[in-house]
1. For every other residue with a beta carbon closer than 12 angstrom to the beta carbon of M145, add +1 if it is Lys or Arg and -1 if Asp or Glu, then tell me the sum.
2. Loop-only check: which chymotrypsin sites (Phe, Trp or Tyr not before Pro) in segment 1-107 are DSSP coil with at most 14 other Cβ within 10 angstrom?
3. Structure shown: which of K110/K215; K95/K215; K110/K246 lie over 28 Å apart, alpha-carbon to alpha-carbon?
4. So for each of 397-408, 382-393 I average, over its residues, the number of other beta carbons within 10 Å; can you give me the resulting order with the highest mean first?
5. Using the Cα gyration tensor of segment 267-308, with a ≥ b ≥ c the square roots of its eigenvalues, what is the shape: rounded (a/c below 1.5), prolate (a/b larger than b/c) or oblate (neither)?
6. Sorted by average packing, counted as other Cβ atoms within 10 angstrom per residue and highest first, what order do 259-266, 356-363, 135-142 take?
7. Just from its helices, what would the mean residue ellipticity at 222 nm be for the chain, if runs of 4 or more DSSP H residues each count -39500 (n - 2.57) and the sum is divided by every residue, rounded to the nearest 500 deg cm²/dmol?
8. Does segment 207-306 classify as rounded, prolate or oblate by the C-alpha gyration tensor (a ≥ b ≥ c root eigenvalues; a/c under 1.5 gives rounded; else a/b over b/c gives prolate, otherwise oblate)?
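What follows is calculated from the coordinates using simple rules that are stated; it is not laboratory data. Bear in mind the structure is a predicted one, so any value in this text is a computation, not a measurement. Here the Cβ is made from the backbone with ideal geometry for all residues, glycine too, and neighbour counts use every protein chain on show.
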Amino acid sequence: MTTTWDRRRAAHLYLRAGFGARPDELDEALSLGREGAISRLVDYDAISTAELEAFLDLFAFDLDGYSDVPYDRFANLLRWWYLRMQYTPRPLEEKMTLFWHNHFATSINKVEAPQLMYAQNQIFRSLGMAHFADLLLAVSRDPAMLIWLDNASNIKDAPNENFAREVMELFTMGVNNYGQQDVTEAARAFTGWTIDPEHHNRFIFNPDFHDDGPKTFLFNRGFFNGEDIIAILAARPETASFITGKLARFFLGGDPSSALAQRLEEVYVSTTGSIREIVREILRSDDFGATAETPDMIKSPAEFIVHARRVLGDRDDPAWFDYWLQEMGQALFRPPNVGGWRGGQSWIFTGAYLLRINIAFAFATSPPRWGDQLVQWETSRFFEDRTFGSADAFIDFLVDRLNVVAPSATLRESLRGLLANAGDPTGWTGTWFDYWGRIAIGLVMSSPEFQLH
């Protein structure tokens, strides 16, 4: 399928492979063309984050140490990740970090150490587009995961099967692709994987607690250890199908076509599980191009908030970020269970859409807070000091600026109804934008179309 490359499709790409696009990002995407824009997002390692890191350093978050007040450290962790998502020059890097956080769902409610959740989050960021086997091994050795799924206490005299079961059911092959013997033998292989008692943020292997006897796992026989189990799982065809399918659904909002599913599995095998190449293939696919025509994937609460703030272009202290996410059902670093958030229609539970409407209008009309100061975002900067000859010209600008990929006739009519009370467009001034412009922005951001990407 050949698609026309325009601002609408560029916005769609940046919504699904990031958190929305500012005008300069859309301009760059258009100049690069579709393939170039995809490469710019996917091959992000060449893009410097020095400016972002310097900005974050100003906050002195101190995330990787220990604190007498762990709640404060956790609050800083939430603020730090929110700022990364909003200001990153590598949007797909943070989007993949969010994906893997849900895939390897781990909660601070059990881990109880913000510095370990921070270290795990950094694994997702540094290896989120690497080879799946490398990511799986790093997460399996991660202290937060060792605590979360009880492998830190897995010893040969009393094997704990929790991690062994979940690594197959949720992290690699999926249900019905293994038996109880495989769980038992994998648990034996992972014995001795634990945490350094003197340095709690470090993995160690304790041979005294390891069962070094022969094991039979997925029809393989040998003196397997944990690394062997990870390597076997990463190479399984069931894992290729499970991981590529989950990645496809994350970007497509539904199951891939049979042709794309097969192609993704072939990419997994031919690249030994390169996540980067799998994601590239998804974004280049006809399946992905078709989703721009009828976008129907509901933004998660984090995506909704970060997108709104990015397109408004204002600075805002993220201290409130966690409160809104909890109210909308996505408390980061606290997934509901090891299976993570279900997503999709589950984001729109009773009262959730009303809450999104309230948040949208609060963002549009209320001054955000930066530290101890209220910082009113400038409508003149948002509207670029433009003049509009008609209400329709204003509406076209607004839906483009807010990345509304498929504005409905209903939304346009609602905006026309609002603007009918706003006077002659040729007379709109800065004062007009401060009042009517903000209401119009709130109306768009509270619309059903803005909840979709």
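1. Numbers: positive: K110, R141; negative: D142, D150, E166.
Around M145, the charge tally is -1.
2. Numbers: sites: W5, Y14, F19, Y44, F55, F59, F61, Y66, Y71, F74, W80, W81, Y82, Y87, F99, W100, F104; in loops: W5, F19, F59, F61, Y66, F104.
Within segment 1-107, the qualifying chymotrypsin sites (Phe, Trp or Tyr not before Pro) (loop, at most 14 other Cβ atoms within 10 Å) are F59, Y66.
3. Details: K110/K215 31 Å; K95/K215 38 Å; K110/K246 26 Å.
Violating the 28 Å Cα-Cα cut-off are K110/K215; K95/K215.
4. Values: 397-408: 19.7, 382-393: 14.2.
Descending mean neighbour count gives 397-408, 382-393.
5. Details: a/c = 3.78, a/b = 1.68, b/c = 2.24.
The shape class here is oblate.
6. Ranking the peptides 259-266, 356-363, 135-142 by packing returns 135-142, 356-363, 259-266.
7. Working: 23 runs with 243 residues, N = 453.
Result for the chain: -16000 deg cm²/dmol, rounded to the nearest 500.
8. Details: a/c = 3.51, a/b = 2.10, b/c = 1.67.
In terms of gyration-tensor shape, prolate.
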